[in-house]
Structure formats: C-alpha cells, structure tokens
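Trainee: To start, I am sharing the structure in question, which I have written as structure tokens.
The values are calculated or read from the model by the stated rules, or taken from the named source; none is laboratory data. Computed from a predicted structure; not experimentally measured. Here Cβ is always computed from backbone atoms with ideal geometry, including for glycine, and neighbour counts include all displayed protein chains.
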Amino acid sequence: MSNTSLTTKVQQSRGWTLALGIAAAALAAILLIAYLVQYRSSVNDSTAPTPVLVAKNLIPKGTSGTVIAEKQLFQAATLAKDDLKVGAISDPAYLNGRVAVADIFPGQQITTADLSAGLTDAIPTQLSGKQRAVAIPVSGARGLVGYVASGDRVDIYYGAGSTGGAILGLLAPNILVMRAPAAEGQPAILRADAALAQKLALASDTGTLWFLLRPAGNAKNAPKKAITSAELLAQINGQR
C-alpha cells in the first residue's frame, strides 16, 4: 500500500471522527437548549399568578357555602402556583351546596378538603348569627302557593281588622323563602333575624299575611305606609 493511499485513509478517518464529534456536540447543544426551554417553562409555570379563594373572616365549622357567599367571608387572591395548597378553590360556584367541615381562619386558602364532598340543602347550614328559620302557615293566593319557589324573596304584608276598617301594611321586606310550600296546607319556611321571626310568628296567628314576590334582580324598596279600607275606598272614589 502506498504512502499516499494510507495518508488518504487516515485523513478520511479523521474527517469522520471530526464529523461525528461535531454532530455529537450539535446534538448535545440541541438537548441542552430543549432542557433550558423546558426548565424555563416549568419555572414560569410554577411562578405564574393563579387565582384562589382566601378566607377574609373566620368561617366557623358548619357554615354553608351560601352563607359564606352572602356574608362575603372570602376574597379572591392571586398566588404563585407553587404557593397553592392541594385542592385550592378558585371558582366561587364550588361553594354552592357545600358546608365547612372545619374552622377556616382569616388568610387561609379555601380548599376542597375544607368543605363537604357532597352537596346539602339542610336548613341549619343556611343560617348564621341571629338568623332563624320560621315556619309560617300560608294558603292559596295569599301565600303564592304553587308560584313562589325556594330561594325566592318576598315582601310580607300584614292585614287585620280595626275600628276604621281593615288595614294592610308592610311587615317584612325582602324575606328569603328557604322552603316554598309544595302544596296547599304546607307552611313556608322563611329566614329572618330572630326579632323579626318573632313578629312573623305572632302576625300569622293574629291576622292575615300576604306574600308579594320580588323581582329576581334590581328590586326596588316596597312602600312602607299602611293603608286602611277606608283610605282605599277614598282613593277609588277620587279616581272618578
């Protein structure tokens, strides 16, 4: 074999070695870049701002999600994803129908573990503080039986006889119907502060209650002035 042929083979071998080395280096660079991109993405993902519900006030054990929302016992916060607790809740709708299974303290993230897994509509879970549930017997048109539904709000008017004739006046505005009567003869379960619940109970025994259904939204205050049958007759006559 000639020296020229041997030299050519050596040079070719070195060329292949160099090419393989360059290819290996290029592959390593690509893998490094891919790793860095993935790492940066994971870092950005872990620090990305993520919404979460945080207790604003103490939420005692047994408090329903309805009360938590009505009393505004929580607030929306934004935390890094790494700072979120397991099961952290971001959607307030998750609270509906659930109950706190332990005390949730101010500043604490609200998680799925803090709330009952199943839904509940138990009446005690929908009450807090001075609120009370009172059963009021209603009938027919006066109680909107068959028309009012659980969750609706009503203005309650009280009617009774007097020396000047019958009188009708606003007794309790914007009252939540916790349980609507499903049929004639069943009571309506209403939610009211204890003092007002006392008045409603007495009023149901001493006079007639009328339920006036309020709009679902943007309801205006009802007139508070009572009217007597004599005043009503005078107003009717005045239209002539």
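Trainee: Of the residues LEU190, LEU209, LEU170, only one is modelled with pLDDT under 95, assigned to a strand (DSSP E or B) and crowded, with 19+ Cβ neighbours inside 10 Å; which?
Mentor: Of LEU190, LEU209, LEU170, the one residue that is modelled with pLDDT under 95, assigned to a strand (DSSP E or B) and crowded, with 19+ Cβ neighbours inside 10 Å is LEU209.
Trainee: Could I ask something else about it? Could we say that ASP91 is among the acidic types (Asp, Glu), farther than 23 Å from PRO215 by Cα and more than 14 Å from the chain's Cα centre (by Cα) here?
Mentor: Answer is no for this residue.
Trainee: Return the total of residues in segment 127-141 being surrounded by 12 or more Cβ atoms within 10 Å (Cβ to Cβ) and either out of contact with any helix residue (DSSP H, G or I) (no Cβ under 8 Å at 6 or more places or on another chain) or at pLDDT below 90 (or both).
Mentor: Of the residues in segment 127-141, 5 are surrounded by 12 or more Cβ atoms within 10 Å (Cβ to Cβ) and either out of contact with any helix residue (DSSP H, G or I) (no Cβ under 8 Å at 6 or more places or on another chain) or at pLDDT below 90 (or both).
Trainee: Of all residues in segment 98-107, which are outside any strand (DSSP E or B) and in contact with a Lys or Arg (Cβ under 9 Å, 6 or more places away or on another chain)?
Mentor: Those that are outside any strand (DSSP E or B) and in contact with a Lys or Arg (Cβ under 9 Å, 6 or more places away or on another chain): VAL101, ALA102, ASP103, PRO106, GLY107.
Trainee: Across segment 111-151, what is the total count of residues that are under 30 Å from LYS225 (Cβ atoms), part of a loop (DSSP other than H, G, I, E, B) and among the β-branched types (Val, Ile, Thr)?
Mentor: Here the count works out to 3.
Trainee: Could you figure out which of (1) in contact (Cβ under 8 Å) with a residue 60 or more places away in the chain; (2) touching a helix residue (DSSP H, G or I) at 6+ places or on another chain (Cβ under 8 Å); (3) loosely packed, with under 14 Cβ neighbours inside 10 Å isn't true of ALA160?
Mentor: So ALA160 meets the others, but not (1).
Trainee: Of the conditions (1) surrounded by 16 or more Cβ atoms within 10 Å (Cβ to Cβ); (2) over 14 Å from the mean Cα position of the chain (by Cα); (3) under 16 Å from GLY151 (Cα atoms), SER64 satisfies every one except a single condition; which number is it?
Mentor: Result: SER64 passes all but (2).
Trainee: Still on this structure, I have one more. In segment 103-126, what residues are under 15 Å from the mean Cα position of the chain (by Cα), modelled with pLDDT under 85 and not β-branched (Val, Ile, Thr)?
Mentor: LEU119, ASP121, GLN126 - these are the residues of segment 103-126 that are under 15 Å from the mean Cα position of the chain (by Cα), modelled with pLDDT under 85 and not β-branched (Val, Ile, Thr).
Trainee: For segment 214-240, give me each residue that is among the β-branched types (Val, Ile, Thr) and not in a helix (DSSP H, G or I).
Mentor: Matches in segment 214-240: ILE227, THR228.
Trainee: Pull up segment 152-165, narrow it to residues that are at pLDDT below 90 and not in a strand (DSSP E or B), then point me to the one that is nearest to THR206 (Cα to Cα).
Mentor: That would be GLY161.
Trainee: Give segment 87-116 a look and list any residue that's more than 12 Å from PHE74 (Cβ to Cβ), among the charged types (D, E, K, R) and surrounded by fewer than 13 Cβ atoms within 10 Å (Cβ to Cβ), or say none.
Mentor: Hits for segment 87-116: nothing passes.
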